[in-house]
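The values are calculated or read from the model by the stated rules, or taken from the named source; none is laboratory data. None of these values were measured; they are calculated from a predicted model. With ideal geometry, Cβ positions are generated from the backbone for all residues, glycine too; neighbour counts draw on all protein chains shown. For accessibility, only protein heavy atoms count, side chains too; no ligands or nucleic acids. Shrake-Rupley method; radii C 1.70, N 1.55, O 1.52, S 1.80 Å.
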Amino acid sequence: GRQRRCGACSTVARPRTDPSTIVLVQSADGERCLLGRKAAWAEGRWSTLAGFVEYGESLEECVVREVKEESNVDVDRASLEQLASQPWPFPRSLMVGYVARATAGGESLMREEEELQDLKWFDRAFVRNALEAQGDADAPPTPCGFHVP
């Protein structure tokens, strides 16, 4: 693994990496996706749900727990699909991306008020059209319009 050695005293340090997950939750029928937004974000900005892995917890357990805590949505654990991972330096994390489906009947929303200002199911076609209009920009094509960074 990676390590750094102090030039003055030769102490070896191995930087800590905290795993986190980010997940696009689809409705049980696959026609909607669940997105949330924080109060500090620009108007219209939405994102998938994310959170840090707790001590002793698997990545999959983290996805199920975070979605339940932030939205009250039940994830079908058998539907979890890991898509990619990347270093995420805020703070020194490894972000692991998933797609998951909500269980049938487990799609009722109840937002975690400390985490999110709003939480909604968005129609697949609406999101697709909005992302196509947004292109590679990190801002909506119209001020305060829907966008995903």
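Return the pair list, or none, for Cβ contacts closer than 6 Å from residues in the stretch 136-149 that are farther than 16 Å from L35 by Cα to residues that are assigned to a loop (DSSP other than H, G, I, E, B) and at pLDDT below 80, at least 6 apart or on different chains. From the stretch 136-149, the pairs are D138/P149. Quick one: how many residues across the stretch 1-32 are in a strand (DSSP E or B) and either farther than 24 Å from G97 by Cβ or not small (G, A, S) (or both)? Selection size over the stretch 1-32: 13.
So which of R14, R32 is open to solvent by 40 Å² or more (accessible area, probe 1.4 Å), closer than 25 Å to P140 by Cβ and of a type in the set (D, E, K, R)?
Numbers: R14 fails: closer than 25 Å to P140 by Cβ.
Exactly one residue qualifies, and that residue is R32.
For the stretch 60-70, the condition holds for at least one residue, the condition being that it is in contact with a helix residue (DSSP H, G or I) (Cβ under 8 Å, 6 or more places away or on another chain), open to solvent by 30 Å² or more (accessible area, probe 1.4 Å), farther than 30 Å from P141 by Cα and of a type in the set (A, V, I, L, M). Given the structure, is A13 touching a Lys or Arg at 6+ places or on another chain (Cβ under 7 Å) and at pLDDT below 95? Yes; evaluated as a whole, the condition is true for this residue. What number of residues within the stretch 17-29 are under 20 Å from F90 (Cβ atoms) and open to solvent by 60 Å² or more (accessible area, probe 1.4 Å)? So the count comes out to 1.
Just one of (1) more than 15 Å from the chain's Cα centre (by Cα); (2) open to solvent by less than 80 Å² (accessible area, probe 1.4 Å) fails for G97. It is (1).
The criterion of at least 2 residues that are modelled with pLDDT under 90 and in contact with a Ser or Thr (Cβ under 8 Å, 6 or more places away or on another chain) is met, among strands (runs of 3 or more DSSP E) falling completely within the stretch 33-141, by 81-88.
Cβ-Cβ distances below 7 Å connect the following pairs, each with a first residue in the stretch 52-70 that is among the aliphatic types (A, V, I, L, M), a second residue that is assigned to a helix (DSSP H, G or I) and open to solvent by 60 Å² or more (accessible area, probe 1.4 Å), and a separation of six or more residues or different chains: V64/R77. Listed by first and then second residue, the pairs with beta-carbon distance under 6 Å, at least 6 apart or on different chains, first residue in the stretch 79-93 and touching a residue at least 60 places away in the same chain (Cβ under 8 Å), second assigned to a strand (DSSP E or B) and open to solvent by less than 70 Å² (accessible area, probe 1.4 Å), are W88/M95; S93/D18; S93/S20.
What pairs come up if the first residue lies in the stretch 1-15 and is touching a residue at least 12 places away in the same chain (Cβ under 8 Å), the second is in a loop (DSSP other than H, G, I, E, B) and open to solvent by less than 100 Å² (accessible area, probe 1.4 Å), and their beta carbons are under 7 Å apart, counting only those six or more places apart or on different chains? From residues that are touching a residue at least 12 places away in the same chain (Cβ under 8 Å), the pairs are R2/P15; R14/Q3.
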